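Asker: Before I ask anything, here is the structure I am working with.
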């Protein structure tokens, strides 16, 4: 039960729940206990489901099968806070400055969870017999790719039956303009490693007779994009769905200008794949990115060696209707074909997440069999957002990835209503992450209306 949303968020942020680092086990346990306690106080039956890594909270309220049922998703784990010296205040000691609460996890995803819980606190206090079944699913592995999630879904799918999923782990362009996210990009992630000599070599004694793995890696990586910015992998774009007219119209409603976005990024010029404007490339286009590259001497000064090996970390963001496993095989096959035979090549096993798309009601590509309760959920969310934030939401795909949303669709058959509560200025995954307290206050009121209107 959330009596003071800001103080509750502070308490939640103080739990250093970094799922990627075993040194933070106590923080993960504390965050999970915090979330579970709030739900118990709200009258939920709460189970803690063990997984190979971090347990999942599964909570339920209401048993009447005639009531609508919403499954609310969130995650109690957070990204690592490093580098700590770039934070203006300690990452796990929340501070309020300029109308924002700063701290790791404040926006991703603890603040939005507090919004939902605070709204339910207010609604159920006024109407304890609200005829709405609610299920909560809060995991602790989202920031490491949710490795336990699909197994959990397969084992507990009967308990997860609902009418739709409610998610607030997506973004909006500003505190005044809310986006309802209709699509998420999928993800492929792997590491490629090239090995030459069995040891680092003196570049004077042995230079000129061996292929330098760094050179081989850079040569191959440079071929994976064309000069026009498109991914240069045969077949990469074959399955990409067209962008519908209504999506183009919604995109034109963005309040951010290209100049403002360019200034926010601090870049001299945009570099987009041919055929996409910058905003289209963010939301409608697939990508291939190099997230890290290494090999050889990295210290101060010079060390004249030919390194034994070099590596690159590669990710692809995928759009509907691309198949993550097929794209992983496609990219790796291309790298193999272009790799010189003077080095050996190996890949780590590719991590994959699939793209997701849900179409709002009354569009030209709305499924004919779209459930009435999902259509009502869209209508209720639009009404609540418009009433409380002062403008209609924009319906847009997002560039980020939440692979479990696709898994929930595939395994459990549930579509998701994704209402974005963080903004670009919240610095997700970066130092000085924050959550806008104005959004928090307004969103609590909006979700109160949403929950009530869903059953009236």
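Bear in mind that the values in this text are calculations on the coordinates, not laboratory data. All values derive from a computational prediction rather than experimental measurement. Cβ sites come from the backbone with ideal geometry, for glycine too, and all protein chains shown count toward neighbours.
Asker: For 246, 87, which order do you get if you count the other beta carbons within 10 Å of each Cβ and list the fewest first? Please list the in-between numbers first.
Answerer: Numbers: 246 17, 87 20.
If I rank by nearby Cβ atoms, fewest first, I get 246, 87.
Asker: Using the per-residue mean of other Cβ atoms lying within 10 Å as a proxy for protection, in what order, highest first, do the peptides 297-310, 94-107, 345-358 fall?
Answerer: On the way: 297-310: 13.6, 94-107: 21.9, 345-358: 18.5.
Taking the mean over residues of other Cβ atoms within 10 Å, the ranking is 94-107, 345-358, 297-310.
Asker: Moving on. Ranked highest first by the average count of other Cβ atoms within 10 Å around their residues, in what order do 137-143, 362-368 fall?
Answerer: Details: 137-143: 23.9, 362-368: 10.9.
Ranked from most to least packed, the peptides come out as 137-143, 362-368.
Asker: Can you tell me what share of the DSSP beta bridges in the chain is antiparallel? A percent to the nearest 5 is fine. Walk me through the intermediate numbers first.
Answerer: Working: 48 of 69 bridges.
If we restrict to bridges inside the chain, about 70 percent are antiparallel.
Asker: Could you tell me whether the range 1-149 comes out rounded, prolate or oblate from its Cα gyration tensor? Rule is a ≥ b ≥ c as square roots of the eigenvalues, rounded for a/c under 1.5, then prolate if a/b exceeds b/c, otherwise oblate. It would help to have the intermediate numbers written out before the result.
Answerer: Working: a/c = 2.58, a/b = 1.44, b/c = 1.79.
Note, shape of the range 1-149 comes out oblate.
Asker: For 17, 88, 146, 8, what ranking results if the residue with the fewest other Cβ atoms within 10 Å of its Cβ goes first? Each step should come with its number before you reach the end.
Answerer: On the way: 17 29, 88 10, 146 25, 8 20.
By the 10 Å Cβ count, ascending, the order reads 88, 8, 146, 17.
Asker: Right, something else. What's the FRET efficiency of residue 362 with residue 341 using the Cβ-Cβ distance as r and R₀ = 56 Å, to the nearest 0.05?
Answerer: Working: r = 57 Å, r/R0 = 1.02.
Approximately 0.45, to the nearest 0.05.
Asker: How would the range 1-78 be classified by its alpha-carbon gyration tensor: rounded, prolate or oblate, with rounded meaning a/c under 1.5 and the a/b versus b/c comparison settling the rest?
Answerer: Values: a/c = 2.61, a/b = 1.47, b/c = 1.77.
It comes out oblate by the Cα gyration axes.
Asker: Here's something else I'd like to know. Extension gain residue 245-residue 265, at 0.36 nm per residue separation less the Cα-Cα distance, in nm? It would help to have the intermediate numbers written out before the result.
Answerer: Working: separation 20, 0.36 × 20 = 7.20 nm, distance 2.81 nm.
Working it through step by step, the gained length comes to 4.4 nm.
Asker: To continue, here is another question. Expressed as an acute angle from 0 to 90° and rounded to the nearest 10, what is the orientation of the C-alpha long axis of helix 25-41 relative to the principal long axis of the chain?
Answerer: Roughly 20 degrees between the two axes.
Asker: Cα centroid distance between the range 95-135 and the range 159-220, in Å?
Answerer: Value for the Cα centre distance between the two parts: 33 Å.
Asker: While we're here: Sort all Cα-Cα distances of the range 78-195 into consecutive 10 angstrom bins from zero, then give the percent of pairs in each bin up to the one containing the longest distance.
Answerer: With 10 Å bins starting at 0, P(r) equals 9, 28, 36, 21, 5, 1, 0.
Asker: Follow-up question, since we're still on this one. Please work out the C-alpha center-to-center distance from the range 21-62 to the range 263-297 and express it in whole Å.
Answerer: When both Cα centres are located, 37 Å separates them.
Asker: Please compute the length gained on full extension between residue 49 and residue 349, using 0.36 nm multiplied by the number of residues separating them and subtracting their Cα-Cα distance.
Answerer: Numbers: separation 300, 0.36 × 300 = 108.00 nm, distance 2.73 nm.
The residue 49-residue 349 span can extend by a further 105.3 nm.
Asker: If R0 is 60 Å, what FRET efficiency do you get for residue 386 and residue 300 from their C-beta distance, rounded to 0.05?
Answerer: On the way: r = 57 Å, r/R0 = 0.95.
That pair, residue 386 with residue 300, gives E of 0.55.
Asker: Taking the Cβ of each residue in 386, 181, 315 as the centre, tally the other Cβ atoms inside 10 Å and list the residues starting with the fewest. Intermediate results must be reported in sequence, preceding the final value.
Answerer: Values: 386 14, 181 28, 315 18.
Starting with the residue having the fewest Cβ neighbours, the order is 386, 315, 181.
Asker: Please give, to one decimal in nm, the separation of the simple spin-label points placed at residue 237 and residue 272, each 7 Å out from Cα toward the Cβ.
Answerer: About 1.3 nm, to one decimal.
Asker: Let me make sure I get this right: for the chain, a, b and c are the square roots of the gyration tensor eigenvalues over alpha carbons, sorted descending. Under 1.5 in a/c it's rounded, otherwise prolate if a/b > b/c, else oblate. Which is it? Intermediate results must be reported in sequence, preceding the final value.
Answerer: Numbers: a/c = 1.88, a/b = 1.62, b/c = 1.17.
It comes out prolate by the Cα gyration axes.
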